[in-house]
Amino acid sequence: MDLHLTSDTPNAAEQLAVDSVLDAPESGFISDAHFISGEAYAPAAGHAARANRHLLLPVLHAIQERIGWISPGALNYACQRLTVPPTEAYGVATFYALFSVQPKPPVVAHVCDDIACMANGAETLCAEMAERFGAPGSAEQDSNLTWHHSPCLGMCERPPAAMVTAAGVTPSTTALAPVGIDEIAQTLADRGHTNKASEASTSVRSVPQAGSEELRLLRRVDRIDPDDLASYCGAGGYRALERALDMGPAQVVREVVASKLLGRGGAAFPAGVKWQAVASAETQPRYMICNADESEPGTFKDRVVMEEDPFAVVEAMTIAGAATGCGKGYIYLRGEYPLALERMTNAIAQARGAGLLGSSVLGHEVPFDIEIRRGAGAYICGEETALFNSIEGFRGEPRNKPPFPTEVGLFGKPTLVNNVETLINVLDIALEGGDAFAAIGTEQSTGTKLFCLSGHVARPGVYEVPFGTTLEELISLAGGVAGNGRLQAVLLGGAAGTFLTPQELALPLTFEATRTVGATLGSGVVMLFDDSVNMQNVLLRIAAFFRDESCGQCVPCRVGTVRQEELLHRLVADKTIGSVANEIHLLNEVGQAMRDASICGLGQTASSAIESAVARMELFNGKSH
Ligand SMILES: Cc1cc2nc3c(=O)[nH]c(=O)nc-3n(C[C@H](O)[C@H](O)[C@H](O)COP(=O)(O)O)c2cc1C
Ligand code: SF4
Ligand code: FES
């Protein structure tokens, strides 16, 4: 092992933070003198210590939360305890936006300036923040606190949004939405320990249809206590698992195939095909992962499901694990979702306590348990193979495919990855059968779909409608266009999606119909912009997002996302190289190169929304060249 250690040592608090994840070293063989000598310290030496590499991310979280940044001494200690080369650990620590390897005040406000919030006061809020607290990243007014701009925080239905993180002995993460300058200032002053109650109560407002008899996936929202297993069971919870265990794994997989359920995480891959592949793999162990990273700007449906119906996610994961022979499940949960984390943690503990998780499930000889892994502010970690690397303690960089996750996934083992929304569909599939499920929606897009409505819409929130509902019908269900009432554009599918014009609202929302117009349902984003919004600024924000979130591993995306942003700035500033037509041609070529040659979906879709806006809305036609 090539350990090039600096002589920096951890202080007591940093050491405790690391030990809180790894337990205190058994030998006690640790001292400042030992660190300074630079000798490698290996408490559980060799393979045993290296087998814990997957704990690197939780360890970094613990240091960040206790101290507010990851110092060289703390990183050295983590490396020695895990036997991870410091260069690699540094590479991991610097990968995530929520970690800092530079000294930083312990209390930080992350203020969303992404597209839904942009359309609803984020610019004014950020200007007020700068006036009161100084430039982003500075600690001019108070050395204990600072603030930053943030990409979408997944609370777009209640803009503008912010999150306050406070490091210390009792660290906290507080989501605030909608929020004003005074509430942020108060939360910063209180070191984040405010507003929990209002945060919980507002999540119900995120589902305007709550209580409607027509709901399937969202039927329990506002009808159960999301913190109480008995309440969930009283509303029919765990009947699907009972049914699935009675049917047996092979039949459950057959029902999922018959349901024609397509993945809701963006790629629309048939769930049954994946389930079959993992179930028939010969290798053990196998893993199942619930992808709850949800960082696509404009997306918040998975957060709402986890906050309002967390036991449904646990039950669905258990069915998936039992049907495909996976003994262990992970939820990879977005780091910016404190309430979802709290509720999922509680749901898992209660399920375990009731014999619904563990070495046997509901008395059957089916072992299945769930562990939560928190992301740390990296959109790319939602890509399934980047997610594997993140859990394993490496930089969240996507892997080449093939091999596919169903063959070589987490820890090199067959792995089933499904989105939160995909999984909760499985409850009804187990209860009613795949054919009954397939009868809902359209031939190729079966079931119902969750959509995230935000921007200039009268009643923003998560909506559930059968596939085939038109965009116009969905917008009207959400109360119609708000703002000044004059619709300029709808962003469908997220920052990686497509802009549609008001003339295209008759579009049926199905995978097949959107494909025919060159659009995608993506992660279910439907974001409305009235004609007061400067769409050029919206495009610049999207371009900045992809430039920032590119993992930088492959050239087309690393360079392409930068060139795309530069080019847009030239167009917006009317400083084109050659004519506007030349620049737009170049924009399309950059987009094509990213689509053709990028390793993963981030690069392949980084130009979609921008190109669609330029083509459909003729945004730059008035320019002078
Ligand atoms: C850049 C990028 C980000 C992604 N983020 C997510 C995400 O946050 N949640 C998710 O479920 N899928 C996300 N995906 C898709 C996953 O790679 C994967 O297809 C999905 O989790 C599989 O689940 P499904 O089949 O149920 O949709 C992302 C893909 C890319 C390329
Ligand atoms: S396409 Fe972008 S995000 Fe994906 S691997 Fe390449 S550089 Fe990383
Ligand atoms: S929370 Fe601000 S854009 Fe989503």
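Only the coordinates and a few stated rules stand behind these numbers; no lab work does. Every value quoted in this text rests on a predicted model; they were computed, and no experiment measured them. Virtual Cβ from ideal backbone geometry, glycine too; neighbours counted across all protein chains shown.
Observations on the model:
- Cβ-based net charge around residue 489, under 15 Å, with every Lys or Arg adding one and every Asp or Glu removing one: -3
- Farthest toward the positive end of the dipole of the chain, out of 615, 75, 217, is the Cα of 615, where the dipole comes from beta carbon charges about the Cα centre.
- Only Lys, Arg (+1) and Asp, Glu (-1) charged, at Cβ; the chain dipole about Cα centre in debye: 720 debye
- For the stretch 107-194, the spherically averaged projection of the C-alpha convex hull amounts to 4.9 nm².
- Prolate/oblate/rounded label for the stretch 535-617 (Cα gyration tensor, a/c 1.5): prolate
- Note on the stretch 356-460: dipole from Cβ charges, positive end direction compared against 361, 385, 405; the farthest Cα belongs to 385.
- Set 274/301; 260/328; 274/449; 104/301; 301/328; 104/328 screened for pairs whose C-alpha atoms are more than 29 Å apart: 104/301; 104/328
- Rounded if a/c under 1.5, otherwise prolate or oblate - the stretch 277-369, Cα gyration tensor axes: oblate
- Taking a straight line from the alpha carbon of residue 413, these aspartates and glutamates sit under 16 Å away, with near neighbours fewer than eight places off in the same chain left out: 282, 384, 392.
- Ranked list, fewest to most other Cβ atoms within 10 Å of each Cβ, for 546, 300, 511: 511, 546, 300
- Taking other Cβ atoms within 10 Å as a rough exposure proxy, 222, 23 sort from fewest to most as 23, 222.
- Calculated log₁₀ intensity ratio I(q)/I(0) where the Debye formula runs over C-alpha points of the stretch 243-296, q = 0.26, 0.31 Å⁻¹: -1.14, -1.22
- The stretch 448-529, relative contact order in percent, only Cα pairs under 8 angstrom and at least six apart counted: 37 percent
- Paired Rg and Dmax values of the stretch 488-536, which use every Cα atom, in angstrom: 10.5, 32
- Over the chain: Kirkwood hydrodynamic radius from C-alpha pairwise inverse distances, Å: 25.2 Å
- Percent of Cα pairs in the stretch 229-438 per distance bin of 5 Å, from zero to the largest separation: 1, 8, 17, 22, 22, 17, 10, 3, 0, 0.
- Alpha-carbon centroid distance for the pair the stretch 55-88 / the stretch 521-554, whole angstrom: 33 Å
- Convex hull volume per residue for the stretch 95-243, taking Cα atoms only, in Å³: 160 Å³
- Distance histogram in 10 Å bins (all Cα pairs of the stretch 467-625, percent per bin): 11, 39, 34, 15, 1
- Each Cα pair under 8 Å and six or more residues apart adds its separation to the average, and for the chain the resulting relative contact order is 12 percent.
- Residue 411-residue 362 FRET efficiency (beta carbon distance; Förster radius 25 Å; 0.05 resolution): 0.40
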